[in-house]
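A.B. asks: Take this structure, written in C-alpha cells, and hold onto it; I'll ask about it next.
The values are calculated or read from the model by the stated rules, or taken from the named source; none is laboratory data. On a predicted model such as this, the values are computed, not experimentally measured, just so you know. A quick note on method: Cβ atoms are made from the backbone with ideal geometry, for glycine too, and the neighbour counts reach across all protein chains shown.
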Amino acid sequence: MIQEKAAIMGRRQLSPGVYKYLLSSPGIARTAAAGQFVQVTAPGFFLRRPISICRIDPQAGTLVLVMEVRGQGTAAIAGLGSEDSLDLIGPLGHGFALKDAASHALCVGGGIGLPPLCQAAAHHGANAAVVAGFRSASAVILADEVENLGASFAVATDDGTAGHHGLVTDLVKKHLEENKTDVIYACGPMPMLKAVAALAKEKGVECQVSLEERMACGMGACLGCACALYDEKGEQHYGHVCKDGPVFPAERVVW
C-alpha cells in the first residue's frame with residue numbers, strides 16, 4: 001500500500017454521472033490486482049472516497065478508475081480534468097482469486113458494479129462472458145471496453161430499452177444452463193449478489209462476490225463497513241469489507 005499522486009491522462013463521461021479516468025500511477029499499478037480498490041482524496045474534503053480499480057497496466061504504469069457521482073465529494077472529483085492529479089492510497093483490500101485463464105468465467109455486474117470486473121474479464125479474455133444489469137440504455141457503460149477484451153457482453157435493463165427486459169439474474173440463469181462455467185465473479189447490489197450466489201450454489205459453480213459498502217478509512221480502522229460472515233467452521237462473525245474483502249467466497253457471506 002502506497003500513497004501516490006496520479007496524473008490524469010484522460011477523462012471521459014460514460015453515462016450521466018459516471019466518469020472514466022486514465023491515471024498515471026506506476027507504483028500502485030505495479031502491485032494492484034483485479035478487484036482491489038484505492039482511496040481517493042476529494043478536493044476540499046477530509047475523508048477519502050473508495051473507488052474500485054477497473055483496469056491495470058503495470059507495464060505502462062496506468063490505472064483506469066470508473067466513478068459514479070453520489071454526493072459532494074465524488075462531484076468534486078468528477079470536476080477534475082487533464083491538468084489535475086488524484087491523490088491515491090492503494091492498492092487496498094483483497095481482490096478476486098483469479099482462476100487459470102483457460103477456465104470459463106462468468107462476470108456479473110450490477111450498474112457501477114461492472115468496472116471492478118473488467119480486470120478479471122481481461123484475465124480470461126475470450127473465455128469470459130460478462131452480463132450486466134442497468135436501469136436503462138442511457139446507463140449502460142463499458143460495452144466497448146469489455147468487448148475489446150475478447151469477452152462476450154450482454155445487458156439487462158429494468159425498462160427494456162437495451163438488451164434483455166428484466167433482471168440480470170435472468171441472464172445468469174440462462175448462461176449457466178447453456179454454457180460451461182467454472183467460476184463466477186460478481187459485484188453489485190446485495191439482492192443481486194444473493195440471487196447470483198444462490199444460482200451458483202444450485203449449479204455447483206464457484207462464486208466470488210465483491211461487496212459494496214460505505215467505507216471511510218479503507219483499512220479496517222474505523223469499523224464502519226462491518227459485514228456478517230461465516231468462518232471455516234460455519235460460525236458467524238463480523239469482518240470488514242475494506243480489509244477482509246471487498247471480495248469474499250459467496251458461501252462465506254451471511255445473506
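A.B. asks: Quick check on G133: is it surrounded by fewer than 24 Cβ atoms within 10 Å (Cβ to Cβ), over 16 Å from V247 (Cα atoms), assigned by TED's automatic domain parsing to the domain that holds V183 and out of contact with any Asp or Glu (no Cβ under 6 Å at 6 or more places or on another chain)? Give the derivation first.
C.D. replies: Numbers: surrounded by fewer than 24 Cβ atoms within 10 Å (Cβ to Cβ): no; over 16 Å from V247 (Cα atoms): yes; assigned by TED's automatic domain parsing to the domain that holds V183: yes; out of contact with any Asp or Glu (no Cβ under 6 Å at 6 or more places or on another chain): yes.
No; evaluated as a whole, the condition is false for this residue.
A.B. asks: Enumerate the pairs (first residue in the stretch 1-15 and within 15 Å of A78 (Cβ to Cβ) and of a type in the set (V, I, T); second residue anywhere and assigned to a strand (DSSP E or B) and at pLDDT 95 or above) with beta-carbon separation below 8 Å, excluding pairs fewer than 6 apart on the same chain, so at least 6 apart or on different chains.
C.D. replies: So the pair list comes out as I8/Y21; I8/L22; I8/L23; I8/S85; I8/L86.
A.B. asks: Tell me which of these S85 doesn't satisfy, since it passes every other one: (1) small (G, A, S); (2) closer than 30 Å to D158 by Cα; (3) over 17 Å from the mean Cα position of the chain (by Cα).
C.D. replies: That leaves (2) as the condition not met.
A.B. asks: I'd like the residue in the stretch 28-80 that is out of contact with any Pro (no Cβ under 7 Å at 6 or more places or on another chain) and in a helix (DSSP H, G or I) and, out of all such residues, is farthest from D100 (Cα to Cα).
C.D. replies: Top of the filtered list is Q72.
A.B. asks: Taking T41 as meeting all but one of (1) out of contact with any Gly (no Cβ under 7 Å at 6 or more places or on another chain); (2) surrounded by fewer than 19 Cβ atoms within 10 Å (Cβ to Cβ), write down the number of the exception.
C.D. replies: Unmet for T41, out of (1) out of contact with any Gly (no Cβ under 7 Å at 6 or more places or on another chain); (2) surrounded by fewer than 19 Cβ atoms within 10 Å (Cβ to Cβ): (2).
A.B. asks: Shifting gears a bit: With the requirement that a residue be in contact (Cβ under 8 Å) with a residue 12 or more places away in the chain, over 14 Å from R49 (Cα atoms) and assigned to a loop (DSSP other than H, G, I, E, B), what does the stretch 188-218 give you?
C.D. replies: Listed by number, the residues that qualify are G188, P189, V205, L211.
A.B. asks: If F96 satisfies all but one of (1) under 22 Å from L114 (Cα atoms); (2) part of a loop (DSSP other than H, G, I, E, B); (3) out of contact with any strand residue (DSSP E or B) (no Cβ under 7 Å at 6 or more places or on another chain), what's the number of the condition it fails?
C.D. replies: Going through (1) under 22 Å from L114 (Cα atoms); (2) part of a loop (DSSP other than H, G, I, E, B); (3) out of contact with any strand residue (DSSP E or B) (no Cβ under 7 Å at 6 or more places or on another chain) one by one, F96 breaks only (3).
A.B. asks: Considering only the stretch 219-245, state which residues are assigned to a loop (DSSP other than H, G, I, E, B) and crowded, with 19+ Cβ neighbours inside 10 Å.
C.D. replies: C225, G245
A.B. asks: I would also like to ask the following. Which one is surrounded by the most Cβ atoms within 10 Å (Cβ to Cβ), of the residues in the stretch 139-180 that are assigned to a loop (DSSP other than H, G, I, E, B) and within 19 Å of the chain's Cα centre (by Cα)? Break it down into steps so the answer makes sense when it comes.
C.D. replies: Of the residues in the stretch 139-180, the ones assigned to a loop (DSSP other than H, G, I, E, B) are 140-142, 149-151, 158-163, 166-167, 179-180.
From what is left, the residues that are within 19 Å of the chain's Cα centre (by Cα) are 140-142, 149-151, 167.
Working: V140: 21, I141: 23, L142: 26, L149: 20, G150: 13, A151: 23, L167: 17.
This residue is L142.
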